[in-house]
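Asks: The structure under discussion is supplied below as structure tokens; questions concerning it will follow.
The values are calculated or read from the model by the stated rules, or taken from the named source; none is laboratory data. In this text the structure is predicted, and so the values were computed from the model without any measurement. Reconstructed Cβ throughout: ideal geometry from the backbone, glycine too, with neighbour counts over all protein chains shown. Just so you know, the surface numbers come from the protein's heavy atoms only, side chains and all, with ligands and any DNA or RNA stripped out. Shrake-Rupley method; radii C 1.70, N 1.55, O 1.52, S 1.80 Å.
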Amino acid sequence: LRAKLLVPGEALVAAARTSPEVYDLYLLARQKISERKRTSLESAAQLLDKAIALDPEFAPAHAQRGICSLLLSEDLYGGVAIDQAQAQARTHLDRALLLRPSLAEALAGLGFYHYRLPGGNALAIQYLEQALLINPNLIEASNWLYFAYRGVGQWQRGLAILENMIERDPLNMLGIGNAVWVYIQMGQQDKAYSLLERVWLYMPENHTGGLEAELQFSLGRFADGLPLAEAAVQLNPINETRRVLGMGLNATHQYRRAIEEGNRDYKTLALWHLGRSDEASMLAYEIASDGYSASLLFMLMNANGRSQELVEYLEGCLLYT
């Protein structure tokens, strides 16, 4: 019966490579990783560390430990410095692939690692597509592939990946959340609402306040959206929920609150609105230097009459790449 229910061969082979205790730790860690909460991810890291201590040669545990390290980065779900999270992740992912060069979840993790690096999307696509060729059922790999395609400007291809994810796993919150965001950006709020309505129908306890808030903001309904954004941050104070709250606070001119409660992007905008241009520019430089969007830096430099400095910055980036 297990052989018929599981992905053909793969899970049984993985279980056969280690002890039942190690495999149980690995499975529990994967379940906790899927919850995408800081406490759950920290628990998963501990479980995987224990599994690796018991069996240092069990490649899947190293692969998931690498993925967990990236998710615990301070700009995602945890509080680990970005460079530290990346270094730790690369160590475990490299170890997993050294032990099993064709391990799909390790290849997917390496794709996740690269798409978060400046200029890493093309390599990320290569690793993620390779992982999905080996195991098409890796939903997380599909999710990261969407981000990588979005990073190279192929929005429609990325959206098609999300829609395929949702078709195969109708209540997958990673796919639904990202698809809702894309639909909002494309002005298709009706599709965004339909996806959220699906979650409300089957998973009434699921917390979608951040998504609902962003949908309300996109329709200009800030009074309706702000309480939802505030509740989302209270429930899960991660970068994404703070981004949405920062958006609402800036739009309603609550700049001091945005500095305290928003994410780096909206803290930058709030500082600029309050006339603290130097602080805003320093933060925009920091965001761009970490490999994220340089759009805030462009806006601030031009607004402050420092366009030539911006040109020099861009020329330096081109020289570096």
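Asks: May I have the count of lysine pairs in the chain with C-alpha atoms under 26 Å apart, counting pairs 8 or more residues apart or located on different chains?
Replies: 4
Asks: So how long is each side of the stretch 106-153 along the principal axes, counting just the alpha-carbon atoms, biggest first, in Å?
Replies: Ordered largest first, the stretch 106-153 gives principal extents of 26, 18, 13 Å.
Asks: Would you mind computing Rg(Cα) / (2.2 N^0.38 Å) for the stretch 75-145, counting N as its residues?
Replies: 1.06
Asks: What distance in nm separates the two pseudo spin-label positions at Val152 and Leu28, each 7 Å out from Cα along the beta-carbon direction?
Replies: In this crude label model, Val152 to Leu28 measures out at 4.1 nm.
Asks: While we're looking at this one, here's another question. Per-residue HN-Hα couplings for the stretch 269-286, Karplus 6.51 cos²θ - 1.76 cosθ + 1.60 at θ = phi - 60°, whole Hz, x for Gly and Pro?
Replies: Per residue, the Karplus-derived 3J(HN,Hα) values read 4, 5, 4, 5, 5, 8, x, 9, 5, 4, 5, 5, 5, 4, 5, 5, 4, 4 Hz.
Asks: What does the extension gain come out to for Leu123 and Ile139, with contour length at 0.36 nm per residue minus their alpha carbon separation?
Replies: Taking 0.36 nm per residue and subtracting the Cα distance, the gain is 3.9 nm.
Asks: Which residues' amide hydrogens lie under 5 Å from the amide hydrogen of Leu274, considering only partners 5 or more residues apart or on another chain, with H built in the peptide plane?
Replies: Hits under the 5 Å cutoff: none.
Asks: With every protein chain present, what accessible area does Ile67 have (1.4 Å probe, heavy atoms only), rounded to the nearest 10 Å²?
Replies: Number for this one is 0 Å².
Asks: Taking the Cα-to-Cβ direction at Leu171 and at Asp49 and moving 7 Å from each Cα, how far apart do the two end points lie in nm?
Replies: 3.3 nm
Asks: Quick one: ranking His62, His253 by accessible area, 1.4 Å probe, largest first, what do you get?
Replies: Ranked from most to least accessible, the order is His253, His62.
Asks: Next up: Let me know the volume per residue of the alpha-carbon convex hull for the stretch 140-255, in Å³.
Replies: 110 Å³
Asks: Taking θ as phi - 60°, what are the ³J(HN,Hα) couplings along the stretch 48-62 by the Karplus curve (6.51, -1.76, 1.60), each to the nearest whole Hz, with x for Gly and Pro?
Replies: So the Karplus estimates, Gly and Pro as x, are 6, 4, 5, 4, 5, 5, 6, 9, x, 9, 7, 4, x, 5, 5 Hz.
Asks: How big is the stretch 88-194 on each of its three principal axes, counting only the C-alpha atoms and giving the largest first in Å?
Replies: 47, 28, 22
Asks: Among Ser69, Ser218, what's the order by accessible area (1.4 angstrom probe), most exposed first?
Replies: Of Ser69, Ser218, the descending order of accessible area is Ser218, Ser69.
Asks: Which whole-number percent gives the relative contact order of the chain, counting Cα pairs below 8 Å spaced six or more residues apart?
Replies: Worked out over the chain, it gives 8 percent.
Asks: Which three extents, in whole angstrom, do the alpha-carbon atoms of the chain cover along their principal axes, largest first?
Replies: Extents along the principal axes: 64, 50, 34 Å.
Asks: Oh, and also: With a 1.4 Å probe and all protein chains kept in place, how do Lys50, Lys37, Lys32 rank by accessible area, largest first?
Replies: In descending accessible area the options line up as Lys50, Lys37, Lys32.
Asks: Order 219-226, 40-47 from most to least packed using the mean count of other Cβ atoms within 10 Å.
Replies: Those peptides, ordered most packed to least, come out 40-47, 219-226.
Asks: Counting Lys and Arg as +1 and Asp and Glu as -1, what is the net charge of the other residues whose Cβ lies under 13 Å from the Cβ of Ala53?
Replies: Result for the local shell: -2.
Asks: Could you run the Karplus curve 6.51 cos²θ - 1.76 cosθ + 1.60 with θ = phi - 60° over the stretch 172-180 and give me ³J(HN,Hα) per residue in whole Hz, x for Gly and Pro?
Replies: 6, 6, 5, x, 5, x, 5, 5, 4
Asks: Which whole-number value in Å² is the accessible area per residue of the chain, probe 1.4 Å?
Replies: Accessible area per residue, the chain: 50 Å².
Asks: Report the accessible area of Arg168, computed with a 1.4 Å probe over the heavy atoms of all protein chains in place, in Å² rounded to the nearest 10.
Replies: 100 Å²
Asks: Tell me the mean residue ellipticity at 222 nm calculated for the chain from its helices only (DSSP H runs of n ≥ 4, each -39500 (n - 2.57), averaged over every residue, nearest 500).
Replies: -23500 deg cm²/dmol
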